[in-house]
Structures are given as C-alpha cells and as structure tokens.
Amino acid sequence: MKLTPQTYQKMAEQASPPTKSWITIPSAFLIGGGICTLGEVFLNLFTRMGAEKEAASAWASICLIFLSALFTGLGLYEKLAKFAGAGTLVPITGFANAMVSPALESKTEGFVLGVGAKLFTIAGPVILYGCTASVLYGIVYYFIR
C-alpha cells in the first residue's frame, strides 16, 4: 500500500489526540517550578548548615540527581512526567532520568553488558560534546586572556 503525504497526515492526525494546552502548560510550569524550588530548599538548607555557597550548590545538585534517579528506579518519575510533561525536563533531573532509564531497561543483560553499557547511551554524547566544548573554550580563553 502506497501512502501519499496527505493520507499519511490524515492517519497521523487520527492517531494523535489533540493536546490540552490549558492543562499541560500550567502543570509543566508548576512541576518544573516545584523541582526548582526543591533545589532552592536544598541550597538554603546546606547553606544554613554551614556550607559555603559553591559547596551547598554542589550538594543541592547531588540531592536532585539522587532523587531523580531514585524516582526513576521506583517508576515514579515516569508517572510524574506523564502528568507534568516538559516540566520534568529541568536539566539536572531530566538528565539523571535519561541516564537511569536505559540502564534499568537493560538490567536483565547483566551489570557490565547491560547496565554499564546502556548507562551512557544517552549521556555519552552529552558528556563527549560537553568536554570537547569546555576544552575548546579553555583554549580560546587562554589565548584571548
């Protein structure tokens, strides 16, 4: 069966339900804002416990990454993402979820060939290009300075 672009477009529209923007946009805003607020709560907590600003920021990030990975492992992050949509893509928690999800899917293949190999399928390119960009930035900064 050959599909024309018009036929394919009709089929795609029938298969995809319309987005309820009046619900999804506020929920993404509230959940994303809630995650950021939780990060600020951690930051203030560690600062009041006596940590310097940079150390408190690092610990707040570590807590958010841990919670994101834990919720992903428990299956709660996926449920939250279905409700909040793009609100769960706050960079640090979304990145942790993107690393843990493929590893969990391949845990039956073992720790080395399953979890270890799949852990970096999403994160690998991000780490590679991030490191490359930082080296290039450092070289440019060295010569400009």
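Here, each number is a calculation from the coordinates, and none is a lab measurement. What you see is a predicted model; the values in this text were computed from it and never measured. Positions of Cβ are generated from backbone atoms using ideal geometry, with glycine treated the same way; all protein chains shown enter the neighbour counts.
For I92 and Q6 in the same chain, what is the full-extension length gain: residue separation times 0.36 nm, less their Cα-Cα distance, in nm? List each step's numbers first, then the result.
On the way: separation 86, 0.36 × 86 = 30.96 nm, distance 4.01 nm.
Gain on extension, I92 to Q6, equals 27.0 nm.
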Sequence-separation-based contact order of the chain, relative, with Cα cut under 8 Å and 6+ spacing, percent: 20
Sequence-distant lysines (8 or more away, or on other chains) whose Cα lies within less than 18 Å of K82: K20
Backbone N within the range 58-94 under 20 Å of label point (7 Å from T24 Cα along the Cβ vector): 77-91, 94
Signed unit charges on C-beta, dipole axis of the chain, positive-most listed residue A81, G110, F95: A81
Calculated FRET efficiency for the pair C36/S16, C-beta based, R₀ 25 Å, to 0.05: 0.25
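For the chain, with only Lys/Arg (+1) and Asp/Glu (-1) charged at the beta-carbon, what is the dipole magnitude about the Cα centre, in debye rounded to 20? Please list the in-between numbers first.
Values: 10 positive and 7 negative charges, 60 e Å.
In total the dipole reaches around 280 debye.
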Among (i) 15.5; (ii) 9.2; (iii) 8.3, the entry derived from the coordinates for mean projected area of the Cα convex hull in nm²: (i)
Calculated [θ] (222 nm, deg cm²/dmol) that DSSP helices of n ≥ 4 give over the chain, each run adding -39,500 (n - 2.57): -26000 deg cm²/dmol
Cross-link reach list, aspartates and glutamates versus K118, counting only Cα pairs under 18 Å and skipping chain neighbours closer than eight places: E105, E109
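Run the numbers for T47 and I139: contour at 0.36 nm per residue of separation, minus the present Cα-Cα distance, in nm.
Details: separation 92, 0.36 × 92 = 33.12 nm, distance 3.40 nm.
Extending this stretch completely gives an extra 29.7 nm.
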Cα lying deepest toward the dipole's positive end in the chain, options Q14, I127, S68, charges on Cβ: Q14
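Sort the following peptides by mean Cβ neighbour count (other Cβ atoms within 10 Å, averaged over residues), highest first: 7-16, 26-35.
Working: 7-16: 9.7, 26-35: 15.6.
My ranking of the peptides, most packed first, is 26-35, 7-16.
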